[in-house]
Each structure stands twice: as structure tokens, then as C-alpha cells.
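Here, each number is a calculation from the coordinates, and none is a lab measurement. Note that the structure is predicted; figures quoted are calculated from it, not measured. We place every Cβ from the backbone using ideal geometry, glycine too, and count neighbours over all the protein chains shown.
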């Protein structure tokens, strides 16, 4: 199937514009930065030194809640208001709609994660003389968090296509994200092969490797296949809705 990238770009631009014009994005951003900044400041005042490790430990928890909020209206709001039916009657494929919506969200997510560079700069400036920070790990952390946000975003996109209520979409997205998030946190409690499976399914170990500045093809494959899987499910959901 041929994809018209001009159409995808137009939908992505519209989605991004709607997001930045909505107060939800700013409220979510303030909550996210406040959460990360509070722990970052706590480490600074308790240990006398800023560390990027505080961002690594708390930012995924913020994304676990913030990303479903940012994606809850991608489809559910349009289905509730009836504007999606108008979009579906245009000569636009479901794949183009999903890609456009997701790329629009990805642009918002990029700027959300880019804001975390502020904490990296603070850590570099306040680092002890002669020690500095590991820039490879710092950049790996930002990339890992961006990939996590895309994964949660694809899950949120799928959840938004399942319900007309944004509240229901948020709940569904958080429930699914919890499975992938917590699987990587508690896999050590499981026996044998189930622990290895949970470790692979969970986001934690893949993010942890990248945040150390180690680029493993298995982790990159994971962060491509997970969003791809949920975007595929979203396309199938919309195709079913058409008929």
C-alpha cells in the first residue's frame, strides 16, 4: 500500500498544532517537570551534587502518566465530536491517519523530552571539579526517555481508538503501560524462563542499557517493534470501525 507522506505530514501538523493550542499539554508538562525537578533538587541538596541519575529514576514514572494524558484525545475526542467521520470520508487511508496522528504526538513528545536537557546542563555545571558527567550516558538517557515516550504514545494512540471517552482512553492506556513498565521492574521475583521473558517485555532493562550509553541492537529493535505493534493494532481498529 502506497502512503502519501504529504497527507501524513498535514495530519501530523494539525495534530501538533491542536496539542500546543490546548492547555492539557502545558498542564502535563508542568506536572512532568515538577516531578522530575523535585527529585533532582532533593538529590542536589541532600548529596550536595546534581546527578543525571535522578532523571533516569523518576522520569519514566512521569511518562507513565503524562503520555496517556497527551494521547487520550487523538481519536476519542474526534469520535465523540463526530469530526472523525468527516476525516474518514476523505481519500485518506487508516494507515496515513494513524501515522499522522502519531507523528504529531511524537513532535510534542520530542520537545517534552528536550526540556530535560536543562537538568543535564545543571548536572554538568555543578559537577565536582575534575569529575564532570558522562555525556554519552546523558545523551543515551534522553534518547531512551524519548523512545519510552514513543512506546507509551503508541499504546495511548491505540487506547484512544477504543473509546469515545477520554477518561476511559487514559485508563486503558495506563493499564497497558503498567504491564510493560512493571514487568521490567519486578522480573527478578519470577522464576526461570518467565523472569527472562518479563525482563525482555519490560521497558526498564532496555531503557537502562541505553541510559548507560550502550547502544544494543536488541534494545533498538524493542523500541521499534513495540510502537509498531500498537500502531498496527490501531490501524486494524480503525479499519474495523469503517466497516
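General remarks:
- Once the chain from residue 164 to residue 126 is taken as fully extended at 0.36 nm per residue, the excess over their C-alpha distance is 8.9 nm.
- In nm, spacing of pseudo-spin labels at residue 118 and residue 14 (7 Å Cα→C-beta vector): 3.3
- By average C-beta atoms within 10 angstrom, highest first, the peptides 17-24, 94-101, 148-155, 31-38: 148-155, 94-101, 31-38, 17-24
- Residues considered: 137, 169, 195. Largest GNM mean-square fluctuation over the chain, using C-alpha springs under 10 Å, is found at 195.
- Relative packing of peptides 140-147, 224-231 - highest average C-beta neighbours within 10 Å first: 140-147, 224-231
- Placing dummy labels 7 Å off each Cα toward the beta-carbon, the span from residue 193 to residue 38 is 4.4 nm.
- In a fully extended conformation the segment linking residue 80 and residue 229 would gain 51.1 nm over its present Cα-Cα distance, using 0.36 nm per residue.
- Contact order relative to length of region 5-242, as percent, for alpha carbon pairs under 8 angstrom and 6 or more apart: 25
- Estimated purely from DSSP H runs of n ≥ 4, each contributing -39500 (n - 2.57), the mean residue ellipticity at 222 nm for the chain is -26000 deg cm²/dmol once divided by its residues.
- Extending 7 Å from Cα along the Cβ direction at residue 111 and again at residue 26 yields two label points whose distance is 1.2 nm.
- Each of 203, 52, 3, 176 was scored by other Cβ atoms within 10 Å of its Cβ. Arranged with the fewest first, they read 3, 176, 52, 203.
- Three-way shape call for region 106-233 based on the alpha-carbon gyration tensor, with the a/c threshold at 1.5: oblate
- Between 0 and 90°, nearest 10: helix 135-160 axis offset from the chain longest Cα axis: 30
- In terms of other Cβ atoms within 10 Å, 66, 121 run from fewest to most in the order 121, 66.
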